[in-house]
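The values are calculated or read from the model by the stated rules, or taken from the named source; none is laboratory data. Treat the numbers as computed from the prediction; the structure is a model and nothing was measured. Virtual Cβ from ideal backbone geometry, glycine too; neighbours counted across all protein chains shown. With ligands, DNA and RNA removed, areas are computed over all heavy atoms of the protein, side chains included. Shrake-Rupley method; radii C 1.70, N 1.55, O 1.52, S 1.80 Å.
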Amino acid sequence: MLNNQKIIEQLTLAEKAALTTGQSTWQTYAVADKIPAIFMADGPHGLRKQTGATDHLGLNASEPATCFPTAATLANSWDENLIGQVGAALGNEARALDVQVVLGPGLNIKRNPRCGRDFEYYSEDPYLAGKMGAAMIRGIQSTGTFASPKHFAANNQEYRRMASNSLIDERTLRELYLTNFEIAVKEGKPRVLMSAYNEINGIYAHENKYLLEDILRKEWGFKGFVVSDWGGDNDHVAAVQNGGNLAMPTLGANGPLEIIQAVKSGELAEETLNQRVDELLTQILQSTAGKNTQQQVDWSHQHQVAHKAAAESIVLLKNKAATLPLADTTKVALIGDFAKQPRYQGAGSSLVNAQQVENMVATAVDQPITFIGYEQGYQRNGIVDHELSAAAVALANKSDVAVICAGLDEISESEGLDRTDLKLPDNQVELINTLAQTSTPIIVVLSAGSVIEMPWLDKVAAVVHGYLGGEAGASAMWDVLIGKQNPSGKLAETHPLTYEDVPFGKEYPTTQRDVYYKEGPFVGYRYYTTAEKPVRFPFGFGLSYTTFAYSDLHVASSGVTAMVKNTGEREGNEVVQLYIGKSDSQLIRPRRELKGFTKVHLAPGEAKQINIRFDDKAFRYFDVTSNSWQVEAGTYDILIGASVDDIRLRGTIVEAGQNVAPALNLVHYRKADLSQVTLADFSALYGQTLPAVKTEIGQQLAINSTIAEMRYAKNWLARQVYRYLKHALAKSEATGKPDLNLLFIYNMPFRAIAKMTNGQVSLDMVNAILRMVNGHFWSGLTRLINHYFKNRKQNKVWQKEMS
Ligand code: BGC
């Protein structure tokens, strides 16, 4: 019996088919007198509700909204309560704007620090990402708005993001790329979940039965509906068959007609369609039940939440000779373009039309310091400007300290674009080096959504990483600089010494379809700690203006307790981290993994007992032979640390479980000696034959080849189109602002021409285009014209039927 049996019985086949796709860019279909439409809007750190022209890349205008710190920033707080408050504020704003589903949070694992979208994701660690995501979901949903964690799963590079196949060995998939979603789903209970653009081990996420049915629904008990990423629906019938409920944006008549046809031919059982509609309807009806569009937004409250979230997420990375906090009346020079034009959020679908953006210069006057002036210091577009730099030096020479606001500009990190390196722009580095030659202590304030190489670190007195702090990031940064806020943020990702240390960094992003996840489980600190590679700042690292002492570890079967004491002069928060490892493990296993954490607030001299319980994730590993979670029997290291590399207390515990015989004798993997790992090793870890790579001229392009693959096309004109695109992209990069539209087109598969044009282009038309590209120009063109008229007619008939 379906939950909405009665309503579903009254729906026609066409109405049910329509419900599996959107009616517009953001809304689902409404059925008169029976089913209302719901409105979905990005995103993870603030609403992007578009009422005029629509797009999925943040290009057209959206309603003003509060811009909270991005996920990469919030994760540094390690504070579930705080993130819950941000979620609630976001959920309330959504209600006031009549948005039923917020398209976030983004949970993907930061597999590589160059992923252009890392700013939108929480962590390289699935436990932390899962906990932060669950807190955000609970916060959003406490208001009656629904959350839609994304992108499920293993969507870890922007290059070819709609046309890549993540090949991951089963154990790594479960332990790394799914555990984050598992925690978020089980503990946050989201009503919606967004599938990813990519394939996972050869099957598109939105039609992946293993992920959507076997794991998400059956194992984890997910009760909501699965929405595709925008344009991520591949084979619409296969999606409905395998667990995908809703393809967005609208497919016009095309998607629904495919469903009708499939039901009529018996390819798709009507019960399966009913089931998908039922899962969707339960949520649609509940989300619209208590609709209250009258609610007013208290913008000043929202701004305060954004401020608090930013302040508690700032990470103090260096503080030589207690340069910070700044004493009252210190003469402070502010240097750097970012001080006046802050970089406070990322680009792409998450772009918020922020209500009230602060900057460091404007908020300087409210501080108890003596503000002696501002100099731009460098040009944002990377061009070296000696005059700006000379003026900055002159100002620094007049001050007690110089605060340089540096970071990544808009072109460096964005949805649709992976970073080319981990460096600050050269002209900023040059300015830091020049200013460091003055006798004035230099404080570097960073704005960036992720990791930065810091070869200049030894030359400066202090470094504070604000990540992307949202609209209130500037006043939050001042709070830390003047000591009103004792910094307690801890890094949710490793900052390596250089990008060369990142495993298989040269192969990222993978340019062909098949992405081999060759590093296996050794992502982020799992690699650096196991391979004993030094890093610039370890996972979990962050300084405070006070100090903490750890003692009295007690390990019991239920968890650990320990004492933490504030041994300094200021009150402060400490994030205490639990890592577990098994040094004699028979498995390929990282040296230690995060399995719990807690944040404790302590007055000067105060000591408190902390308590971290072992949960079902503490000792488990995924056994691929029995296809189940198991515990390896034996002794485990229980480590309590202030970061993954700063272990303060050590204990052990013996766990009952399976005696594991090493199934794979892959020595290089076992030692995380990844530079020695061969393709044959990866193939053995993967457990299947790896697909071969084809890229020669004259290749037949198919529906899921990317537009950029036209460089191999048989047809001359198609190769010219590729060249034009490439040229236009290079031109747009030179302007310093990424052209997200061009990037999207370049990386998208041909199929997306049909999936992203609101039904204006049918799959038959795309196949005709492909025929032209593949060397049958004239017959392809004839088909294209025929299908164009057919599609136009079909859409007209469909619109009439549905109105
Ligand atoms: C992004 C999603 C986003 C959607 C709608 C896609 O391009 O990948 O994260 O929610 O657009 O804007």
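If the reach is capped at under 19 angstrom between alpha carbons, list the lysines near K608, excluding any in the same chain fewer than eight residues apart.
List returned: K565, K599.
Before anything else, pin down the relative contact order of the chain: Cα pairs under 8 Å, at least 6 apart, normalised by residue count, whole percent. Kindly include the intermediate steps, with their values, before the conclusion.
Values: 1936 pairs, mean separation 111.1, N = 803.
Computed value for the chain: 14 percent relative contact order.
With a 10 Å radius around each residue's Cβ, average the other Cβ atoms per peptide and rank 179-190, 336-347, highest first.
336-347, 179-190
With a probe of 1.4 Å, find how much accessible area segment 559-677 has per residue, and write the answer as a whole number in Å².
Counting only protein heavy atoms, the per-residue value for segment 559-677 is 45 Å².
Using only the alpha-carbon atoms, what does segment 393-448 span along each of its principal axes? Please give whole angstrom values in decreasing order.
43, 15, 14
Tell me the carbon and sulfur percent of the accessible area for segment 546-659, rounded to whole percent, probe radius 1.4 Å.
Working: 2150 of 4970 Å².
Reported share for carbon and sulfur atoms: 43 percent.
Out of the DSSP beta bridges found with both residues in the chain, what percent are antiparallel (nearest 5)?
Among the beta bridges of the chain, antiparallel pairing accounts for roughly 60 percent.
About the Cα centre of the chain, how large is the charge dipole given +1 on each Lys and Arg Cβ and -1 on each Asp and Glu Cβ? Please answer in debye to the nearest 20. Before the final figure, lay out the partial values.
Details: 79 positive and 86 negative charges, 261 e Å.
Dipole of the chain, to the nearest 20 debye: 1260 debye.
Using a 1.4 Å probe over the heavy atoms of the protein chains, calculate the carbon and sulfur portion of the accessible area of segment 707-802 as a whole percent.
The value for segment 707-802 is 58 percent carbon and sulfur by accessible area.
When a/c reaches 1.5 or more, the comparison of a/b and b/c decides; with that in mind, is segment 311-516 rounded, prolate or oblate per its Cα gyration tensor?
Judged from the Cα gyration tensor, segment 311-516 comes out prolate (a/c at least 1.5, a/b above b/c).
Between rounded, prolate and oblate, where does segment 165-241 land on the alpha carbon gyration tensor, with a ≥ b ≥ c its root eigenvalues, rounded for a/c under 1.5, else prolate if a/b exceeds b/c?
Oblate is the answer for segment 165-241, as a/c is 1.5 or above yet b/c matches or exceeds a/b.
Binning every alpha carbon pair distance of the chain at 20 Å from zero, what are the percents per bin?
16, 48, 31, 5, 0
Excluding residues on the same chain fewer than 8 positions from K264, give the lysines whose Cα lies under 24 Å from its Cα.
Excluding near neighbours in sequence, the set is K6, K16, K209, K755, K790, K793, K796, K800.
Enter the accessible area of E387 (Å², nearest 10), with the probe set to 1.4 Å and all protein chains included.
Its heavy atoms expose roughly 150 Å² to the probe.
Taking a probe of 1.4 angstrom, what is the accessible area of K726 in Å², to the nearest 10?
K726 has an accessible surface of roughly 100 Å² with all protein chains in place.
How much of the accessible area of segment 304-408, probe 1.4 Å, is carbon plus sulfur, in whole percent?
It is 50 percent, rounded to a whole number.
Go through 628-634, 103-109 and give me the packing order, highest mean Cβ count within 10 Å leading. Could you put the intermediate results ahead of the total?
Details: 628-634: 15.6, 103-109: 29.3.
Peptide ranking by packing, descending: 103-109, 628-634.
So, taking all protein chains as they sit and a 1.4 Å probe, how much accessible area belongs to S583, in Å² rounded to tens?
110 Å²
What ranking of R719, R591 comes out by heavy-atom accessible area, probe 1.4 Å, highest first?
Largest accessible area first, the list is R591, R719.
Decide, for segment 76-165, between rounded, prolate and oblate: order the square roots of the alpha carbon gyration tensor eigenvalues as a ≥ b ≥ c, take rounded if a/c falls under 1.5, and otherwise choose prolate if a/b is larger than b/c, else oblate. Show your work: numbers first, answer last.
Details: a/c = 2.64, a/b = 1.55, b/c = 1.71.
Oblate, because a/c is 1.5 or more while a/b does not exceed b/c.
Around A633, what is the net charge, scoring Lys/Arg as +1 and Asp/Glu as -1 over all other residues with Cβ under 12 Å from its Cβ?
Value of the local net charge: -2.
Please arrange Y788, Y467 by accessible surface area, largest first, computed with a 1.4 Å probe and ligands excluded.
Y788, Y467
May I ask for the net charge around E63, where only other residues with Cβ less than 14 Å from the Cβ of E63 are counted and Lys, Arg are +1 while Asp, Glu are -1? Each step should come with its number before you reach the end.
Working: positive: R48, K49, R95; negative: D42, E93, D98.
Residues close to E63 contribute a combined charge of 0.
Considering only protein heavy atoms, with the full assembly of protein chains and a 1.4 angstrom probe, order Y545, Y177 by accessible area, largest first.
Y545, Y177
Find the accessible area per residue for segment 342-416; the probe is 1.4 Å, ligands and nucleic acids are left out, and the unit is Å².
38 Å²
For segment 19-127, just run the numbers: alpha carbon Rg, then divide by 2.2 N^0.38 Å, N being how many residues it has.
1.19
Which net charge results when you count Lys and Arg as +1 and Asp and Glu as -1 among the other residues whose beta-carbon is under 14 Å from that of G252?
Cβ neighbours under 14 Å give a net charge of +2.
Normalise the Cα radius of gyration of segment 707-802 by 2.2 N^0.38 Å (N = residues in it) and let me know the number.
1.25
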